[in-house]
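The values are calculated or read from the model by the stated rules, or taken from the named source; none is laboratory data. No experiment lies behind these values; they were computed from the predicted model shown. Every residue, glycine among them, receives a Cβ derived from its backbone with ideal geometry; neighbour counts consider all protein chains shown.
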Amino acid sequence: MLKLISKSPLNGMKPIKVGSLVLSEITSVNMFTIQPFKNKTKTVSKELKKLFHLELPGDGKSLVAKDNTIMWIGMGQYLFLGNKVESISAAITDQSDAWTVVELAGIDSSDVMDRLCPVDVRSMEVGDVIRSLLGHMATIVRKTDLGYELMVFRSFSKTLVHEVVGCMKSIAAQNKLRGL
């Protein structure tokens, strides 16, 4: 019998450090989209609070409790990362194998995002979420304490790393020329 082996989208990529910046793959995360049934948004929020100590966040926001994160990703759509979600008043879809998640951390992370993302990410506060483009890739961007969490479709994994690392190298070289 054939044994299948689960692999992360970037196959366990080691963190890439360039200057003050670090790009790391976030692995082993269960991901579920949650779409509350009609007129059940408040009910779903109460159910999540009871199960995970999290409510549905407001537009453009995310909430974190223990090892679970929930973020708004569109009108009536939420992305839950962490424990398995089941038996709530919503349509739930397992997205665990569909997305690549990386963290871009470092003092110059906003400089990288300025070059790749058409949105003013510098105005984002910790926990804010946007759907935008990163290069030419549809991306979910979440502001973290250390920088940004970036999520793209799994098929764009290598392109994501290529684009971000290229900008990381450019910024590091520019900083070196300026003596920073």
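Quick one: in segment 23-39, of everything that is touching a Leu at 6+ places or on another chain (Cβ under 6 Å) and among the hydrophobic types (A, V, I, L, M, F, W, C), which residue is surrounded by the fewest Cβ atoms within 10 Å (Cβ to Cβ)? The residue in question is V29.
Among the residues of segment 1-48, those that are part of a loop (DSSP other than H, G, I, E, B), closer than 26 Å to C167 by Cβ and among the hydrophobic types (A, V, I, L, M, F, W, C) comprise L10, M13, I26, V29. Yes or no: G82 at pLDDT below 95 and within 27 Å of Q174 (Cα to Cα)? Against the criterion (at pLDDT below 95 and within 27 Å of Q174 (Cα to Cα)), G82 does not qualify. Annotation note: of K42, K17, K7, the sole residue that is on the phi < 0 side of the Ramachandran plot and surrounded by 14 or more Cβ atoms within 10 Å (Cβ to Cβ) is K17. Restricted to segment 49-85, and to residues there that are assigned to a strand (DSSP E or B), touching a strand residue (DSSP E or B) at 6+ places or on another chain (Cβ under 6 Å) and small (G, A, S), the residue that is farthest from D97 (Cα to Cα) is S62.
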